[in-house]
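Single-structure report; data block below.
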Amino acid sequence: MSSLTEKDRPIVQLLLNTGTCPRCILRFCCVGSQMLYRHPHKDLMKDLQEFLKDSQEEEDAVCLDVADPPCKRIRLEHREEGADDLNHNGAIPQLPSADDGNAAVESSAGNVCNVCLGVLQEFCEADFIKKVCQKVNSADYQFTSFVFSVSLPPQLSVRETLVQVTISLLFRNLGLPLPKDDIVQLKEAYKWIIHPQLSEELGVPADGKSLFEVSVVFAHPETDEECHFLATACPDCFKPAKNKQSVFTRMAVIKALEKIKEEDFLKHFPCPPSSPKNLCDALEIQCNNGAVFVAGRYNKYSRNLPQTPWIIDGERKLESSVEELISEHLMAEFKADSFNFSSSGREDVDVRTLGNGRPFAIELVNPRRIHFSAEEMKRLQQAINDSSDKIQVRDLQLVTRSAIGRMKEGEEEKTKTYSALIWTDKAIQREDIAFLDDIKELKLDQKTPLRVLHRRPLAVRCRLIHTMKSEYIDEHHFRLHLKTQAGTYIKEFVHGDFGRTKPNIGSLLNRTADILELDVESVDVDWPPALAD
């Protein structure tokens, strides 16, 4: 095995003798050849046996040719006789002789690896690969590449550290320079083995930037408690988290292992670790597609339709919403798990949105289908429009996550145009409202309206009415067209909200005023791009 050198022989001898699988042995010898890890398990065992045999023959030849000084093996055995008696905790096992090599290999071949707990053994074989691919194919996802992720039991970090400590103690005992500690990580080695097999079976390449993720979650109940002592030794490393089922996360365990003293660590475990009885369990094989984003503009023609589901104290007030009328079609076509709806502002339940409509975006979470042509999106838009007379959508299109930010950029600097039907208690004539047309850039101080105080913080917001144009109807009614800064509360500007908005139409006209109808006529956000009909 050309990747191994004489300095690796003590590591190979030690780990083979203590139940470590050949791929983990390569990891601890810092072998970085991906192809080597893909060799069959039996072939690697044979190669390691040949490596030890060749090393032994070379050493024996040196012993025969040179009488003085004694050969390296004699020097090592002499050192071992005088070494400290490290027993059980912190014990250094004797290196097996050449005669013991076959027994060590046979023992290691039949055992569950004492380091990876079987991850680099059974779970690299074709049967498991087929099981993963069957799960992927049955989930019916669209994908052109994949990224593979693996979740390992946290106690594997404890066992890896224990082997590294064992190797360091052995080399110190033999008077040899300490080996490099930049071992190949288990996840990395596993992906080296798995990626080409999954690629061949699925027919698509592995790509670290792919939005389609295939993940495997491993667990090993037999050894779950091996990292629990760390919570006593390093309590600061283990903090409960809302989204974690256990405090013993991989990162918390690694952090604790970095802090604990070697002598304290060795009090809790045999050195090196023993082989377990059982393999790891592949608890979950999961697939997940990155979110897809759909944007467009909607018109709302009903005065009895909220933008989002209207639920108060757990009770639903109205049967549908703009969000639901649009999303139900998208969810069905994209076969997504869930969605998140956002828009450029919102209108009240009794307010219509006319003109070019209001920009909106929907994030579709974990969609099975992700590829839609422009023609298919057009048909989807038509299906939404045919399903209800309360809303219509236009410019429906796929967008990127980053593009959605443009909908929110400078939202309060944008302008919106409204049409309000206003009632006054005292009779009015055309000349009584004509002066409103001449008012430009009217500054308002708006205290948070009483109607939204339950969901908005109390504050005074400065807003601008850019222009107004009045349209006389009769002695008690007129229509007012307004162009305002986004975020202006129009209803409160009309009736004053008990003096919380100053000035207001009532104070400007010196009479009581109220709003009967309100329409949004335009939302001046140039996104998403308009599409040809």
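The values are calculated or read from the model by the stated rules, or taken from the named source; none is laboratory data. Since the structure is predicted, the reported quantities are computational estimates derived from the model, not experimental observations. In this analysis, Cβ positions are derived from the backbone assuming ideal geometry, glycine residues included, and neighbour counts consider all displayed protein chains. Heads up: the accessible areas ignore ligands, DNA and RNA and are worked out on the full protein's heavy atoms, side chains in. Shrake-Rupley method; radii C 1.70, N 1.55, O 1.52, S 1.80 Å.
Within segment 276-322, restricting attention to residues that are part of a strand (DSSP E or B) and among the β-branched types (V, I, T), the residue that is least open to solvent (accessible area, probe 1.4 Å) is V294. Which of the residues belonging to segment 358-369 are open to solvent by less than 40 Å² (accessible area, probe 1.4 Å) and either over 14 Å from S327 (Cα atoms) or hydrophobic (A, V, I, L, M, F, W, C) (or both)? Passing the criteria: R358, P359, F360, A361, I362, L364, N366. In the set (1) surrounded by 13 or more Cβ atoms within 10 Å (Cβ to Cβ); (2) part of a helix (DSSP H, G or I), F218 fails one condition alone, (2).
Scanning segment 116-135 for residues that are assigned to a loop (DSSP other than H, G, I, E, B) and either in contact with an Asp or Glu (Cβ under 6 Å, 6 or more places away or on another chain) or surrounded by fewer than 19 Cβ atoms within 10 Å (Cβ to Cβ) (or both) gives a single hit, E125.
To keep it simple, each residue is scored yes or no on (1) at pLDDT below 95; (2) among the aliphatic types (A, V, I, L, M).
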residue	(1), (2)
I465	no, yes
H476	no, no
H481	no, no
A486	yes, yes
V494	no, yes
K502	no, no
I505	no, yes
L508	no, yes
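At least 1 residues being under 19 Å from R358 (Cβ atoms), in contact (Cβ under 8 Å) with a residue 60 or more places away in the chain and open to solvent by less than 10 Å² (accessible area, probe 1.4 Å) is the threshold, and among the strands (runs of 3 or more DSSP E) wholly inside segment 396-497 those reaching it are 415-424, 477-485.
Here A427 fits the description: small (G, A, S) and out of contact with any strand residue (DSSP E or B) (no Cβ under 6 Å at 6 or more places or on another chain).
Restricting to segment 248-275, what's the tally of residues that are in a loop (DSSP other than H, G, I, E, B) and crowded, with 21+ Cβ neighbours inside 10 Å?
Selection size over segment 248-275: 4.
The one condition from (1) closer than 18 Å to L120 by Cβ; (2) touching a Cys at 6+ places or on another chain (Cβ under 8 Å); (3) open to solvent by less than 20 Å² (accessible area, probe 1.4 Å) that V150 does not meet is (2).
Restricted to segment 180-236, and to residues that are aromatic (F, W, Y) and within 23 Å of the chain's Cα centre (by Cα), which residue is farthest from D264 (Cα to Cα)? Only one residue fits best here, namely F212.
Exactly one residue among S373, S344 is outside the structural domain of K135 (by the TED database), open to solvent by 40 Å² or more (accessible area, probe 1.4 Å) and more than 21 Å from the chain's Cα centre (by Cα), and that residue is S373. Cβ-Cβ distances below 9 Å connect the following pairs, each with a first residue in segment 508-533 that is without any contact (Cβ under 8 Å) to a residue 60 or more places away in the chain, a second residue that is in a loop (DSSP other than H, G, I, E, B) and surrounded by fewer than 18 Cβ atoms within 10 Å (Cβ to Cβ), and a separation of six or more residues or different chains: N510/K426. Residues in segment 156-176 include none that are at pLDDT 95 or above, over 26 Å from T249 (Cα atoms) and open to solvent by less than 60 Å² (accessible area, probe 1.4 Å).
All conditions but one from (1) surrounded by fewer than 18 Cβ atoms within 10 Å (Cβ to Cβ); (2) touching a residue at least 12 places away in the same chain (Cβ under 8 Å); (3) not in a loop (DSSP other than H, G, I, E, B) apply to L325; the one that does not is (1). A single member of L178, L186 is assigned by the TED database to the domain that holds P276 and in contact (Cβ under 8 Å) with a residue 40 or more places away in the chain, and it is L186.
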